[in-house]
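The values are calculated or read from the model by the stated rules, or taken from the named source; none is laboratory data. These figures come from a predicted structure and were not determined experimentally. For neighbour counting, all protein chains shown are included, and Cβ atoms are generated from backbone atoms with ideal geometry for every residue, glycine included. We work out accessible area using only protein heavy atoms, side chains counted, and drop any ligands, DNA or RNA first. Shrake-Rupley method; radii C 1.70, N 1.55, O 1.52, S 1.80 Å.
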Amino acid sequence: MSKCYVINSLDYEGVRNFKHHLRFKYQNIFKPCVNSVHDKSENVIGAEILIDFNHLRAINLPEEKVKNLIVLGEAAHKSIDTATHFFGKSTVFVNVERINLCDMKILRRLITLNKRLFLMGVEFVVEITERTPCG
């Protein structure tokens, strides 16, 4: 496995100015076997927090800026903030880029969120994605 590091990125400060444009939506995750077609609420096992790419396209945020928001960790930080609002679900799924696992601050925040959700009876699942492979 190659090591991924973003060191002294010239884009980082510029990207931080765009983080307020990030919005998230959630998608219900259902049990694999649906017993009741009429009452889907019984079959919801959790919520997956997703970046609202439609919003970013609607405000004409350049593709390169969106990529940098993801790669430089701003999307991960904001999704962690958003996950704290989903205590009513039994499971919360958050997507994190593989490159963001090199960021100790993001890792600490994921661990802290996991502990908070666990105390509230919520299972926390981190899905590792790789939209932008590195190395």
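For region 63-135, what relative contact order do you get, as a whole percent, if you take Cα pairs closer than 8 Å and at least 6 residues apart?
Taking the mean separation of contacting Cα pairs over the length of region 63-135, I get 38 percent.
Across 10 Å bins from 0, what is the distribution of all Cα-Cα pair distances for region 55-102, in whole percents?
23, 44, 29, 4
Counting other Cβ atoms within 10 Å, which chymotrypsin sites (Phe, Trp or Tyr not before Pro) in region 45-114 have at most 16 and lie in a DSSP loop?
Passing both the DSSP loop test and the Cβ count: F87.
If V96, V125 are ordered by their accessible area, calculated over protein heavy atoms with a 1.4 Å probe, which sequence runs from highest to lowest?
Sorted descending by solvent-accessible area, the residues read V125, V96.
Once fully extended, how much extra length lies between V44 and E127, figured as 0.36 nm per residue of separation less the alpha-carbon to alpha-carbon distance?
28.1 nm is the gain from fully extending V44 to E127.
Going 7 Å from the Cα of L61 in the Cα-to-Cβ direction, what parts of region 74-100 have a backbone nitrogen less than 19 Å from that spot?
74-85, 94-100
Given 10 °C and 1.306 mPa s, how large is the Stokes-Einstein diffusion coefficient of region 65-129 in µm²/s, with Rh as the Kirkwood radius over Cα pairs?
The estimated diffusion coefficient comes to 133 µm²/s.
So which of K25/K78; K67/K115; K25/K89 end up more than 18 Å apart by C-alpha?
Check vs 18 Å cut-off fails for K67/K115.
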